[in-house]
Amino acid sequence: MQCHYCGEREIEKFSNYCPHCGNKLFMNDRDRKLYRLSKRSLYILPAASFVLVSSLLFAVNEHEAAKNEEVVTLQKKAEQSALAGEYNKALQYAEKGIHLRSGYDVLKQEKELIMLIQEYNQDLEQIKEHIQKSNYDQASTEIDLLTRIISGHTSPLYSRLQSELSKADVNVTVGEIKEQINKLNSIDQLAEKLKEVTVLDAAEADIVKEQIKSKMVMIGSSNAEEDLTQKQFNSAILTVDKALQYDGDNEKLLSLKDKILSEKTAFEQAEQKRIERAVTAAKEEKRLKGEAVKVLETKVTVDEFGDAKTTGKIKNTSKSAIHSITVQFTVSDKDGKEIERGKTNVYPNELKPGKEAAFEHITYGVNDEVIFTIENIMWYQD
């Protein structure tokens, strides 16, 4: 018999304890195996528990890391949407992120900021409505108030709002000057107003200059067309040239001048012939209205200053070139009440078969939708 603890072999048979080390001896193989298993379990069970716990911790950490990554992605999407002015979408992203991480205070604060910016943006829309309706004093007061409220904030989310407020402030200044421009009815008066533009900021000055030039073109074109109707060719040319001094590359004016010169030459060369053909010309023009010219489109838009701009296109559907084309029109409000009646020339001056040409007109200070009706289209055909 041998002690499995210390290896002592000189042990009496059936001894319960080792005489050398004093440990209890196994009486049979079964007891020996159980002992060995119990010894192994002292090492195996802790190791297995460690592996199990480590696996669980790793899985939890991986899940939490994935959730954190998703929250950060949602936060970035919320910021990007807010910077683009898509506040409802930004709030949806923020809500999803907060649902995943209810304790993420940074995202909660960002959500509150987006909601605040959204409220300020609604105030901005109200300011734009005041400008549209020419309530410039009210708009200016609200711009000053909102500017003071958001001043000093450094978040990028305020940048877009600050930019829009600056633009609205420019539009108020321009709108006030536009009210003055709308009362001016001559190129000379507008030229004097153009001199005053130098005191404005660059952004304001550029917009006002374009507004003044646009009205100069309309007045010059209208007056020249009226002179042309009266066969006052020289007066019409002088009027167009005066407008061209301030907008020398304007396509409409240049085309109108070509039209005047063309009609002047034709009138001087064939005045008697034209008189003889006057009676039949009216009938021919009426017939050609349906056969030679087709109106492709007319579009009316009201800008932020309440001016209604009409643009349109026509097409020569005949087999011959036509020139000196004039569109006679009426402008009415949405209830059908007539606002103005007039005519405008089509450019280019000469229109070959199958080609298209454009026309435009601005009705100032209507502040609402209008109806542009073409009453007649006149032209000459060689």
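The values are calculated or read from the model by the stated rules, or taken from the named source; none is laboratory data. Given the structure is predicted, the values throughout are model-derived calculations rather than measurements. Protein only, heavy atoms only, side chains kept; ligands, DNA and RNA dropped before computing areas. Shrake-Rupley method; radii C 1.70, N 1.55, O 1.52, S 1.80 Å.
Probe 1.4 Å, all protein chains in place: accessible area of Arg341 in Å², nearest 10?
150
Would you kindly give the portion of the calculated P(r) for segment 137-208 that falls above 15 Å, as a percent of all Cα pairs?
Values: 1547 of 2556 pairs.
Summing the P(r) of segment 137-208 above 15 Å gives 61 percent of all pairs.
Hey, any idea what % of segment 170-262's accessible area is carbon plus sulfur with a 1.4 Å probe? Kindly include the intermediate steps, with their values, before the conclusion.
On the way: 2050 of 4480 Å².
Its accessible area is 46 percent carbon and sulfur atoms.
Pulled fully out, how much extra length does the chain show between Glu70 and Lys108, if you take 0.36 nm times their separation in residues and subtract their Cα-Cα distance?
Values: separation 38, 0.36 × 38 = 13.68 nm, distance 1.55 nm.
That works out to 12.1 nm of additional length.
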